[in-house]
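Throughout, read-outs are computed from the coordinates displayed, never taken from laboratory work. Computed from a predicted structure; not experimentally measured. Cβ sites come from the backbone with ideal geometry, for glycine too, and all protein chains shown count toward neighbours.
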């Protein structure tokens, strides 16, 4: 799956969809991170920002205005591409197909990075030679968020340390070596339900390629109040469970499916009971067990809504 030689340099790719304020905030922090990277890594080449407008052609002028107001084009070239439909996988594939440089960093439009973020990802790749380097996505919740919700490990960071190999990561904070990624793409069938990133990295692992962790390559994710309710978090956990099931069982035999479902059937009630019992005692423990319970419940019951779109 090797591709022709890419140009030196690094591209930051972001898909934006109806998040003007958050997208503008990202660009403010991204400008600082790009400045930091180009000052520290002179041999890496020039930076490019590639923006996919996922909100329709009518929103193109709005996206352009936000880019212009940020003055980020003072530190890098900016390219805006319009997506033909609101599908996260199609948007990610547009970034892959329009990136001219060897190094590509994905970030989401509701995130904002630390100044040393890009430099940390790039440095880890130079040391490890891995196809992908990923870092933590730290949620930022509004005041008044329930303790168990605020303490959820939304992106399965766990206790990962720098240099650890990991199979599944969130696309919202990772650097890809496109010479190794080649022609692999995200599956549009997962573009509205979620799970395309899990499948993408699963397929990388099947090719013998590695994802390596960098714990200080941090981005923060702004969580709006509308997504801090217990109901929404239950839906999100169940959706993660259902998507994980779709990925790992996509080519499984009947016996493997039975074992998978039996494990979920046991772990779901155990997690839910322990999580409820822990609520008055420890928000962190409650978050751990409730996530485990609802994620496994999602493996058994498909949520009725889509995560995207």
Query raised in the report: Of all the Cα-Cα pairs you can form in the range 57-130, what percent are over 17 Å apart?
Result: 60 percent
Query raised in the report: Roughly how tilted is helix 230-248, in degrees to the nearest 10 and between 0 and 90, from the longest Cα axis of the chain?
Result: 80 degrees
Query - the chain, helix-only ellipticity at 222 nm - DSSP H runs n ≥ 4, -39,500 (n - 2.57), divided by all residues, nearest 500 - result: -14000 deg cm²/dmol
Report task. Note the angle between two axes, namely the Cα long axis of helix 254-278 and the longest principal axis of the Cα atoms of the chain, as a number of degrees from 0 to 90, rounded to the nearest 10. Result -> 80 degrees
Query - Alpha carbon convex hull of the chain, projected area averaged over orientations, nm² - result: 16.0 nm²
**Report entry** Ratio of Rg to Rh over the range 110-170 (Cα coordinates, Kirkwood Rh, two decimals)
**Finding:** 1.02
**Report entry** Exposure proxy order (Cβ contacts within 10 Å, fewest to most) of 103, 117
**Finding:** 103, 117
Query raised in the report: When Rg is the radius of gyration of the Cα atoms in the range 147-225 and Rh is its Kirkwood radius, what does Rg/Rh come to?
Result: 0.98
Query raised in the report: What residue among 39, 150, 286 shows peak mean-square fluctuation when the chain is described by a Gaussian network model with Cα springs under 10 Å?
Result: 39
Report task. Kindly give Rg over Rh for the range 15-119, based on alpha-carbon atoms, with the Kirkwood expression for the hydrodynamic radius. Result -> 0.94
Report summary line: Mean Cβ-within-10 Å packing, highest first, puts peptides 163-175, 250-262 in the order 163-175, 250-262
Requested in this report: Relative to the longest principal axis of the C-alpha atoms of the chain, give the angle of the C-alpha long axis of helix 283-300, reported between 0 and 90° and rounded to the nearest 10°.
Outcome: 80 degrees
